[in-house]
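Engineer: Here you go, one structure.
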């Protein structure tokens, strides 16, 4: 458990929610992602894990779940989520590394990972971690950035980009920002013991002049119709995948159980200010409602 993990993209101190979403002219992207997410989510549930929750943009959309665990590497993003959502016991905020998730095996019945996989230098390893913390039969909703999109294909045909959108390897277009081939993502999911149930293609009209020219409602409605083509072909910059964790569903939920990301022991002992591992002795701080598993106390 203590082996070195791949590099992590850290949004600590970023105003991403404000600059990218609220002031970045991305109302269209937000609306169509909401539609795709609602189409793939179960009608209700007890415990959902939101991986790469950021400032909680999507968290309000999980209103049919009794409890939501928001996980992000950045504590400042989680504090923004707290300001948005409040300190209700319905939400639990966890700062942790996706490659070393601090949860017991088979804890969650649903997980989402939206606009997060594209920061994974080892996407397969991240997906294997997700599978470990999901119950058999659990729902996993994954969004990924698609390298084989129409714009990339056209640019490649016109020799305006060097990388091949049809090759299976990921392309890193900026530091720790990756686009993936759909076939590679499907292979990682299957290797991680997931069964793909539905694919939705999203953001068909993510072109600036179209967003300026056409009414928002028209673009959203057209995209909503086109999303259903996702099982046949994936040519959009964003793809949503609804998958199921293999195995028979558990008859009884175990509830939220933390484990030590260093040695893997669970459960942990909790005090008002920290969680402690009885096996290796490491402690992890609890600061203003955020469980911080990024590094042990004293390191």
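Engineer: Quick one: is residue 50 touching a helix residue (DSSP H, G or I) at 6+ places or on another chain (Cβ under 8 Å), in a strand (DSSP E or B), at pLDDT 95 or above and closer than 21 Å to residue 86 by Cα?
Structural biologist: Answer is yes for this residue.
Engineer: Looking at segment 272-299 only, could you name the residues that are free of Cβ contacts under 8 Å to residues at least 12 places away in the same chain and out of contact with any strand residue (DSSP E or B) (no Cβ under 7 Å at 6 or more places or on another chain)?
Structural biologist: Passing the criteria: 281, 295, 299.
Engineer: Suppose we filter segment 162-173 for residues that are modelled with pLDDT of 95 or more and either surrounded by 13 or more Cβ atoms within 10 Å (Cβ to Cβ) or within 12 Å of residue 145 (Cβ to Cβ) (or both); how many remain?
Structural biologist: Looking only at that region, the number is 7.
Engineer: Would you list the strands (runs of 3 or more DSSP E) that sit entirely within segment 108-189 and hold 3 or more residues that are in contact with a helix residue (DSSP H, G or I) (Cβ under 7 Å, 6 or more places away or on another chain) and within 24 Å of residue 232 (Cβ to Cβ)?
Structural biologist: 134-145
To keep it simple, each residue is scored yes or no on (1) surrounded by 17 or more Cβ atoms within 10 Å (Cβ to Cβ); (2) modelled with pLDDT of 95 or more; (3) within 23 Å of the chain's Cα centre (by Cα).
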| site | (1), (2), (3) |
| --- | --- |
| 187 | no, yes, yes |
| 191 | no, yes, yes |
| 196 | no, yes, yes |
| 202 | yes, yes, yes |
| 214 | no, yes, no |
| 222 | no, yes, no |
| 228 | no, yes, yes |
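Engineer: Which residue pairs have Cβ atoms under 6 Å apart, sit 6 or more places apart or on different chains, and have a first residue in segment 254-269 that is surrounded by fewer than 14 Cβ atoms within 10 Å (Cβ to Cβ) and a second that is not in a loop (DSSP other than H, G, I, E, B)?
Structural biologist: 269/276
The values are calculated or read from the model by the stated rules, or taken from the named source; none is laboratory data. The model shown is predicted, which means the values in this text are computed figures rather than measured ones. Positions of Cβ are backbone-derived with ideal geometry, glycine not excepted, and every protein chain shown enters the neighbour counts.
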